[in-house]
Structures are given as structure tokens and as C-alpha cells.
Number of protein chains: 2
Amino acid sequence: MQYIKVFAPGTVANLGCGFDVMGLTLDGVGDLMEIGVEKGAEGFSIRNESGVVLPEKIEENVITPAVRMMSEAYGEPVRIEIRLLEKIVPGSGIGSSAASSAAAVYGINELLGRPFSGRQLVEFAMQGEALLGGTAHADNVGPALLGGVVLIRGYEPLDIVRLPVPDNFFYAVVHPDIVVSTKMAREALPREIPLAKAVTQWGNVGGLVAGFALGDVELIGRSMCDVVVEPYRKGFIPDYDLLKSGALEEGALALNIAGSGPSVFALTADYDTACRVADRMKAHFDARNVGCRPYAGRVSNVGARIVE
Amino acid sequence: MQYIKVFAPGTVANLGCGFDVMGLTLDGVGDLMEIGVEKGAEGFSIRNESGVVLPEKIEENVITPAVRMMSEAYGEPVRIEIRLLEKIVPGSGIGSSAASSAAAVYGINELLGRPFSGRQLVEFAMQGEALLGGTAHADNVGPALLGGVVLIRGYEPLDIVRLPVPDNFFYAVVHPDIVVSTKMAREALPREIPLAKAVTQWGNVGGLVAGFALGDVELIGRSMCDVVVEPYRKGFIPDYDLLKSGALEEGALALNIAGSGPSVFALTADYDTACRVADRMKAHFDARNVGCRPYAGRVSNVGARIVE
């Protein structure tokens, strides 16, 4: 049996206007796991040594459907052992499940001698997302695997565009102790939206993509607003408008809900501002007796990787 | 009185998915006018020597509101004379009115010593669009002034992002003898659209912007589809689906309706293919006894300019 340690980063999906089609990679927060692979043998096990509470049954772990699809595509017998060492808390909104699936399929692919492309790895890892949310989406697993900013141009067939992030670009994320299930967050949304709002939104998506592609941090900040989803979801987060105006006051370029929430993220042009914004967001939740975990760091161009 | 000759190119708005937010610049087709400016004097005249039928009253010419707003912003008396020499046929869908307004404000700005920025010129020229369509939009005047591909990120305030077009990138445009007024084309659209379709559309807008920003011609082709507007407007064009499949068969990367129609445009990776596609589209309309004017040329990075 061959073993490696793999890290896959936390990610922020949606990025405001890019609902369901964009995601971005965080540095300094993610899942760490040891993966063992033995060709010619059979079997699959997951041991959770992360200290984070996860479903006991292997069928309920997001890694399982991802690894299963990968094994089927591989077509030859292989024994896989996974030992979770560090884990993003599930339900955080910063791609906990995506980090697990991404690390697993990335590591297995390395140990098998890289039979699969990055796009195929995304397709495998998406299966883990389907276990949770009902639909297989790629806006967290894409960046968790590939790094940078990932645009999911379309799903039929899967068409992934990777954009680099500017070198000096930072995030503040706060994960408040509020439960917002993906299902709740989905059901809060209308099935139909005014065409005029859709046009505003895709103008911003265009601006956001252009901002990343051209390395224009100000344009990224101006474009990262959401007239379609945020109005329906901000009610899950206490005094969201005040939280946002506070972050912008501290110098954030933009603030929005991370994925389907409850985490909130802000982007900044320097690390000090990211820390100040994270503190300000923490103070916001503290003042409302809501516990929270703040993070600040660099937006990353690197996705899943071997660390040992 | 000082005189110059100015050319402003034809443009294609919308580009499929980028409804109301994107436009692209055509080479080899546009408006040519002579502009005279005399500081300290008063007056404004337009003489139409283009051979194209235009409204007789100066108040009904799209150039007038653009020049009027510009004169007000200038704040000092100035006499302006415009002589239209060549003119895109109005109602073509390739930015006839935008070419007129853009050439006028560009040329006047040059003669005044460039007191206004490109963005201000776009705002002036938009007033001409408002005369026709009821709302001031910039997806034709933006590229007519600035060249390349222009994204209108937002209108409040006007936020224009210019993207370069790849060097070897060509168009075929056919203008059929069908009347589709901007009003008719607007009224064909629903006021509300399914959220799922909006998401598909903004994934494509992201892909289209990324394609231009990264110079990825294949990505531009894949992204230039429209699930929101085209289904409602294609009925104005006889056997549109056949027209499209024919163009794709000839090697077009994508085909869509130019602006609000009735012109149809296709993009190609080489000039020969553009010519073949234009011929094929002409044959389509010929076979249905619809007269048409085909054009083929290079997509341009250059907007309004002095030619003499």
C-alpha cells in the first residue's frame, strides 16, 4: 500500500453575482487527509481522526460517491484507505464537503499515476456535492481542485474555465453559529426573476470575470454584488446590511454570503485590511450573542496538493 | 471653421448571451461624416449626402440629442456642422444610429481639443439611442467609440469595460429585408424568466468575457449562446434554426441575432470561412425570396477615428 498526505483548500462559491457558476480558493484553511492506495486489491475505508463530527456510515460521507465513481471509471480493482486528519466544519459555507471530495480524488489520482484529467476529477468530486444538495454542482469542487477562480461555463457538458487571481488579494471569512441548510437556502429563492434584474446580474458576472482575467482588483470589488440571490438569503444572517456596511467601512472591496451561507466573506487588497474586516465581522456577531469563527488569509491560486 | 472626416464602425450588440451588456466592433462597415466646429459661434446643422433616407427634421436625427448634451457639458458657444457622407442603413441591427452618434461626438471632441473622456463620449452618444429605443443604452455606442468588445458592467454609474478581441477573428453579417423595430423586439420578451435559465445565461456571459480576455476563440464560440432572448426573437427571422445550423456546418463558431435584429451575425476563426458563411446565409434568404445584404470582415479593435 502506498500512502500520501493531501491538502485541499476551503472555497467560496457564488461570489455574489456568480450564483451557481463561480468559486474562489482560500489559502490557509482546508482538509488534510492521508490516502492509501493498493492496486489489485479490493476495499474502501474512511477513518475520521479530525475531531470534527461526521456521519458514522461510510455511505453518508461525501467522499464515498466521489471515490465510487472514480473507481468505476478506473475499471480495475483498487483498495483505498482514507484517514481524515483535519477537516473544515461541515455547514460552514466555505466548501467543507468539496474540500473532502477534492482531496480524496486528487490524492487517489496521484497514487494511480494520474490516469484522470483535472476536469474528470471535478466530475468525480461533484458526486459528493450531489449527496448533500441533491444536485451535483462544481462551484466549490472546481476551485478546491484547480485553485484560483473557477467559472463553470456550463454543465452539459461540464465546461470549466480557470482564471488566475491577482497576487495580492485577500479574504476575511466569518462562520457564525447559525444553521442554514443548503435546502433552506435553495427554498428561499424565487423560481422566476425579473429579466431586468437578470441583465444587471450578468453585467456584474461579466465585470467579475473581466476583473479576474485582467487583474483589476477595483473592478472585482465593484462587480461582486448580487441583485438576485442576496436579497432573499440575507435574512438568515442577523443585521446583514449593517455587517456589510461595517466591512466596507473597514476597507473591504466587497462583502457577500459565502455559498449558501451562513458564512460571510469579504475581499480586500491587503492582509491588514482582511484582519481588520474579520475582527469587525466577529464583533458584529459577538454583539448579537452569536458565536463565530473568523478567518483571514490570501486568496490562492493553488488547489488540492500533496503535502508530504 | 475647422473640418475633419471621421469614421465610426458598425457594431453588434448582445452577442447572444450578453443581452443589453455587450457589444463588438466590426471592421469595414460604418458611418463616414465630415464635421466642422467653430468655437465662439452658434448653430448646429446636419446635411445628409449619404444617399440613405433619414428623417428630414434635425430633431429626429439621433445625432442631435448626443450633440446637444455634449454642447451643454462644454458650456461655451460652439457652432457645429455635420455632413453625412456614408451611412449604415437604419434598422439593420448593426448599430446604424450608434455609428452616427459615435462619429459625431468623437469628431467634435477632437476639434474641441479633447475636453471629454471616452466614457463621457459614450454617455453623450447614448442620448441618440434613447431617441429611438426609449432607453439610453451603450452596447452599440460603447464599441463604436472604443473598439474591441465592450462590456457595460452597469449603468448607475456607467461602468464600461473594454476587452480586446483576438487578432484573427472574423464576422459574417447578413441584413435581411425584414422590419423588426426595437420596440417589437422588446415587446416579444417576457418580463420574468426562470432563475435556472438566468444562471445558464450568466455562466455563458462569464465564458464569453473570459474567452475575449484570454484570447480563447473556441471558448468564445461555445459561450455565445442565448437561452433567454433568442427563443423569443428568432421567430422574426424565417427558418432561423436552419439558418443557424447551416452557418455552423460551414464552420462558424457561433451564430446569433445582431442586436434586436433583423440582422444575423456569425463569428469565425478565418476570413475564408466568414465569406462562406455569409454566402450560405445569403442563399438561405434568397431561397425564401427575402432580399439581403451580406457583409464579411475582421472583428476590429479600433472604434471611431479620424480618416482625413
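Please treat every number below as a calculation from the coordinates, not as lab data. Quantities reported herein were computed from a predicted structural model and do not represent experimental measurements. Cβ atoms come from the backbone with ideal geometry, glycine included; neighbour counts cover every protein chain shown.
What spacing in nm lies between the two simple spin-label points modelled at A:Asp270 and A:Leu189, each 7 Å away from Cα in the Cβ direction?
Label-label distance for A:Asp270 and A:Leu189, simple model: 3.7 nm.
Under 5 Å between amide hydrogens, which residues at least 5 positions from A:Leu15 or on another chain qualify, with H placed 1.01 Å from N in the peptide plane?
Counting only residues 5 or more places away or on other chains, the set is A:Gly259.
Placing a label point 7 Å from Cα toward Cβ, how far apart in nm is B:Val89 from its equivalents in the other copies, listed shortest first to one decimal?
When each copy's label point is compared with this one, the spacings are 6.7 nm.
Output the relative contact order of the stretch A:94-149, whole-number percent, from Cα pairs under 8 angstrom with separation of 6+ residues.
For the stretch A:94-149, the relative contact order is 43 percent.
State whether the protein assembly as shown is rounded, prolate or oblate according to the following rule on the C-alpha gyration tensor (a ≥ b ≥ c being the square roots of its eigenvalues): a/c under 1.5 gives rounded; otherwise a/b larger than b/c gives prolate, and the remaining case gives oblate.
Judged from the Cα gyration tensor, the protein assembly as shown comes out prolate (a/c at least 1.5, a/b above b/c).
With everything on Cα atoms, drop me the angle between helix B:240-249 and the longest principal axis of chain B, reported from 0 to 90° to the nearest 10.
80
Taking the alpha carbon gyration tensor of the stretch A:94-196, what are the square roots of 5 times its eigenvalues, largest first, to the nearest whole Å?
Square roots of five times the eigenvalues give 25, 18, 17 Å.
Rounded to the nearest 20 Debye, what is the dipole magnitude of the stretch A:1-157 about its Cα centre when Lys and Arg each give +1 and Asp and Glu each give -1 at the C-beta?
Its charge dipole is roughly 200 debye.
Per-residue Cβ counts within 10 Å, from other chains only, averaged over A:149-158: what number is that?
Counting Cβ atoms of other protein chains within 10 Å of each residue's Cβ and averaging gives 4.
Starting at the first residue of the stretch A:24-31, write each ³J(HN,Hα) from the Karplus equation 6.51 cos²θ - 1.76 cosθ + 1.60 with θ = phi - 60°, in whole Hz, x for Gly and Pro.
9, 9, 9, 9, x, 9, x, 9
Note down the relative contact order for the stretch A:170-298 as a percent, whole number, built from C-alpha pairs under 8 angstrom at least six residues apart.
Values: 203 pairs, mean separation 51.5, N = 129.
Once divided by the residue count of the stretch A:170-298, the mean separation gives 40 percent.
Cross-link partners among lysines for B:Lys57, C-alpha distance below 21 Å, same-chain residues fewer than 8 apart left out?
B:Lys87
What's the longest uninterrupted piece of chain B once you rule out the trypsin sites (Lys or Arg not before Pro) that are loop residues per DSSP with at most 16 other Cβ within 10 Å?
On the way: sites that count: B:Lys57, B:Arg191, B:Arg288.
Longest run free of exposed loop sites: B:58-190.
Around A:Lys87, under 15 Å between beta carbons, what's the net of Lys plus Arg minus Asp minus Glu among the other residues?
-2
Which value, in debye to the nearest 20, gives the size of the charge dipole of the protein assembly as shown about its Cα centre, when Lys and Arg are +1 and Asp and Glu are -1 at the Cβ?
300
Give the residue from B:Val179, A:Ala283, B:Gln127 lying farthest towards the positive end of the charge dipole for the protein assembly as shown; charges sit on Cβ (+1 for Lys and Arg, -1 for Asp and Glu) and the dipole is referred to the Cα centre.
Of B:Val179, A:Ala283, B:Gln127, it is B:Val179.
In sequence order, what are the phi-derived ³J(HN,Hα) couplings for the stretch B:208-224 according to the Karplus relation 6.51 cos²θ - 1.76 cosθ + 1.60 with θ = phi - 60°, rounded to whole Hz, with x for glycine and proline?
5, 5, 4, x, 5, 5, 9, x, 9, 5, 5, 5, 4, x, 5, 7, 7
How large is ³J(HN,Hα), in whole Hz, for each residue of the stretch A:293-304 in order, when computed from phi with the Karplus curve 6.51 cos²θ - 1.76 cosθ + 1.60 and θ = phi - 60°, using x for Gly and Pro?
Result, rounded to whole Hz: 10, x, 10, 9, x, 8, 6, 10, 9, 10, x, 4.
Using +1 at the C-beta of Lys and Arg and -1 at the C-beta of Asp and Glu, which of B:Leu195, B:Met33, B:Ala304 has the Cα lying farthest in the positive direction of the dipole of chain B?
So the residue we want is B:Leu195.
Count of lysine pairs in the stretch B:170-298 with Cα atoms under 23 Å apart, counting only pairs 8 or more residues apart in sequence or on different chains?
Close lysine pairs found across the stretch B:170-298: 6.
What angle, in degrees between 0 and 90 and rounded to the nearest 10, separates the Cα long axis of helix B:96-111 from the longest principal axis of the Cα atoms of chain B?
Taking Cα atoms only, the helix is inclined about 40 degrees.
Along Cα-to-Cβ, 7 Å out, sits the label point; list in nm, shortest first, how far the one on B:Tyr74 is from those in the other copies.
Nearest to farthest, the other copies are at 7.4 nm.
With +1 on each Lys and Arg Cβ and -1 on each Asp and Glu Cβ, and nothing else charged, work out how big the dipole of the stretch A:170-298 is about its Cα centre, in Debye to the nearest 20.
380
Let me make sure I get this right: for the stretch B:170-298, a, b and c are the square roots of the gyration tensor eigenvalues over alpha carbons, sorted descending. Under 1.5 in a/c it's rounded, otherwise prolate if a/b > b/c, else oblate. Which is it? If you can, show how the numbers build up before the last one.
On the way: a/c = 2.14, a/b = 1.10, b/c = 1.95.
Judged from the Cα gyration tensor, the stretch B:170-298 comes out oblate (a/c at least 1.5, b/c at or above a/b).
Given a Förster radius of 45 Å and the C-beta distance between A:Ser245 and B:Ala283 as r, what FRET efficiency does 1/(1 + (r/R0)^6) yield to the nearest 0.05?
0.15
Just to confirm the numbers: B:Lys5, label point 7 angstrom along the Cα-Cβ line, distances to the other copies in nm, shortest first?
Relative to the other copies, B:Lys5 has label-point distances of 7.3 nm.
For peptide B:191-197, what's the mean number of Cβ atoms from other chains within 10 Å of each residue's Cβ? Don't jump to the answer; show the numbers that get you there.
Numbers: counts 4, 9, 7, 5, 10, 3, 3.
Per-residue shielding by partner chains comes out at 6.
For helix A:271-287, what angle does its Cα long axis make with the longest principal axis of chain A, in degrees from 0 to 90 and rounded to 10?
Helix A:271-287 sits roughly 80 degrees off the main axis of chain A.
Once amide H atoms are placed 1.01 Å from N in the peptide plane, what residues at a sequence separation of 5 or more from B:Val29, or on another chain, have their amide H within under 5 Å of its amide H?
Close amide H contacts, sequence-distant or interchain: B:Gly10.
Which whole number gives the average, over all residues in A:221-234, of C-beta atoms from other chains lying within 10 Å of the residue C-beta?
1
Would you work out the relative contact order for chain A, in percent, from Cα pairs under 8 angstrom that are 6 or more residues apart?
Here the relative contact order equals 25 percent.
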